[in-house]
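The values are calculated or read from the model by the stated rules, or taken from the named source; none is laboratory data. Model, not experiment: these values are computed from the prediction. Please note: Cβ atoms are built from the backbone with ideal geometry, for glycine as well, and neighbour counts cover all protein chains shown.
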Amino acid sequence: MAYEGMIAERISINGDKHEPISAYVARPLGSGPFPGMVLLHHAPGWDEWYREATRKFAHHGYATISHNLYHRAGDGNPDDVAAKVRAEGGVPDAQVIGDTEGAVQWLKAQPWLNGKVGVFGTCSGGRQTFLYVCHTNSINAACELWGGRVVMSKEELNPKQPVAPIEYTQKLSCPLLGLFGNEDRAPTPEQVDQHEAELKKYGKQYEFHRYDGAGHGFFYYDRPPYRIEQALDGWKKVFAFLHKHLAA
Amino acid sequence: MCTSIVEIVGASGTGKGSDGWFELTHSVVSYDHPHHALLEEAINIDFVNPALGPGARVAVELTLESAKELSSALARAIAAAEIEESNRRRAA
């Protein structure tokens, strides 16, 4: 039986404008080379579910980093920090892009990386995943899970989120996997239709999977929206997609 | 934050958080994912003082129905309090 081990730890990386932000890293033990993953956490914050997801990706062979997009709101319980960020109207898109680029560059500087990096995010992190991969050429695959407000009305735009991510579709730089629940209200199935129409319009490589009987957040086993069949199938889709695009 | 439904007003008073009583500066009302209530979305009310850090927060997560009942109760209590204050001013 092959030896199996993992290291998981909290570190500090350079985020947007080289400002230090916290991050959680998990990777298989050994010299690799491993494909890399960057996880963008959801609106409820840099929480236990994202710690577990980071280790789950490492369990599947990916060197994975989950950076704290709410670092500047202060240290504390994730729900308190997330509530503070919510009251502040979220975090600026430009800062998220800078922080995520910092996480990608940290991964790319590691000797055990195979040179390929994917991005994964749920909820607001799904939106930010799509936004980020429309602003970089250094990513090999992206998983957007129920990204709310990729499509935004003019009334929803604000100084922190000045442009709806869908407007950047032409600049999408890598294959995209999208998972959505047909009972979701953010994004609605109609918004997912719009999102898909833009991807088709620009000839982008993508695969969308839409689940009946599921709404928002159907992977979260500790919350009421959890849907076991859809979640298990969704995880299979995620790892099949990543294996196809990130294997050395 | 997926709904973007957030209302913020100033607050004068005190709240009791995990570290005891503290001065409040704001009340934040949102309809969004709760952290603890077993609901997809909830009316979340946070009484906070951001200057004291994220932990200076008194939080509740309510169903929409119970939030409506709270809103009505608050309106009734405030109306009664205003009558009380008005009577007190007249008596003075």
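Numbers at a glance
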{"item": "Residues located in region A:1-39, provided they are within 21 Å of A:GLY115 (Cβ to Cβ), surrounded by 15 or more Cβ atoms within 10 Å (Cβ to Cβ) and hydrophobic (A, V, I, L, M, F, W, C)", "result": "A:ILE13, A:ALA23, A:VAL25, A:ALA26, A:PHE34, A:MET37, A:VAL38, A:LEU39"}
{"item": "Hey, A:GLU101 assigned to a helix (DSSP H, G or I) and surrounded by fewer than 18 Cβ atoms within 10 Å (Cβ to Cβ) or not", "result": "no"}
{"item": "Residue under evaluation A:PRO162, criteria (1) touching a residue at least 60 places away in the same chain (Cβ under 8 Å); (2) crowded, with 23+ Cβ neighbours inside 10 Å, criterion not met", "result": "(2)"}
{"item": "The lone exception for A:VAL150 - which of (1) in contact (Cβ under 8 Å) with a residue 60 or more places away in the chain; (2) within 23 Å of B:VAL6 (Cα to Cα) it fails", "result": "(1)"}
{"item": "Residue in region A:60-70 that is within 13 Å of chain B (Cβ to nearest Cβ), modelled with pLDDT of 95 or more, in contact with a Lys or Arg (Cβ under 6 Å, 6 or more places away or on another chain) and farther than 13 Å from A:GLY36 by Cα present", "result": "no"}
{"item": "Single residue of region A:165-202 satisfying the filter (surrounded by fewer than 17 Cβ atoms within 10 Å (Cβ to Cβ) and within 14 Å of chain B (Cβ to nearest Cβ)) that is modelled with the highest pLDDT", "result": "A:THR188"}
{"item": "Number of the exception - A:ASP75 against (1) within 14 Å of chain B (Cβ to nearest Cβ); (2) in contact with a strand residue (DSSP E or B) (Cβ under 8 Å, 6 or more places away or on another chain); (3) assigned to a loop (DSSP other than H, G, I, E, B)", "result": "(2)"}
{"item": "Criterion violated by A:ALA82 - all others in (1) among the small types (Gly, Ala, Ser); (2) in a helix (DSSP H, G or I); (3) farther than 20 Å from A:GLY102 by Cα; (4) more than 14 Å from chain B (Cβ to nearest Cβ) satisfied", "result": "(4)"}
{"item": "B:SER4 vs. criteria of a type in the set (S, T, N, Q), within 14 Å of another protein chain (Cβ to nearest Cβ), crowded, with 16+ Cβ neighbours inside 10 Å and closer than 19 Å to A:ALA82 by Cα", "result": "yes"}
{"item": "Options B:ILE83, B:ILE43: the member that is away from chain A (no Cβ under 12 Å) and in contact with a Phe, Trp or Tyr (Cβ under 9 Å, 6 or more places away or on another chain)", "result": "B:ILE43"}
{"item": "Enumeration of residues in region A:104-113 that are more than 13 Å from A:LEU40 (Cβ to Cβ) and either surrounded by 15 or more Cβ atoms within 10 Å (Cβ to Cβ) or within 13 Å of chain B (Cβ to nearest Cβ) (or both)", "result": "A:TRP106, A:LEU107, A:GLN110, A:TRP112, A:LEU113"}
{"item": "Residue in region A:52-59 that is without any contact (Cβ under 8 Å) to a residue 24 or more places away in the chain and within 14 Å of chain B (Cβ to nearest Cβ) present", "result": "no"}
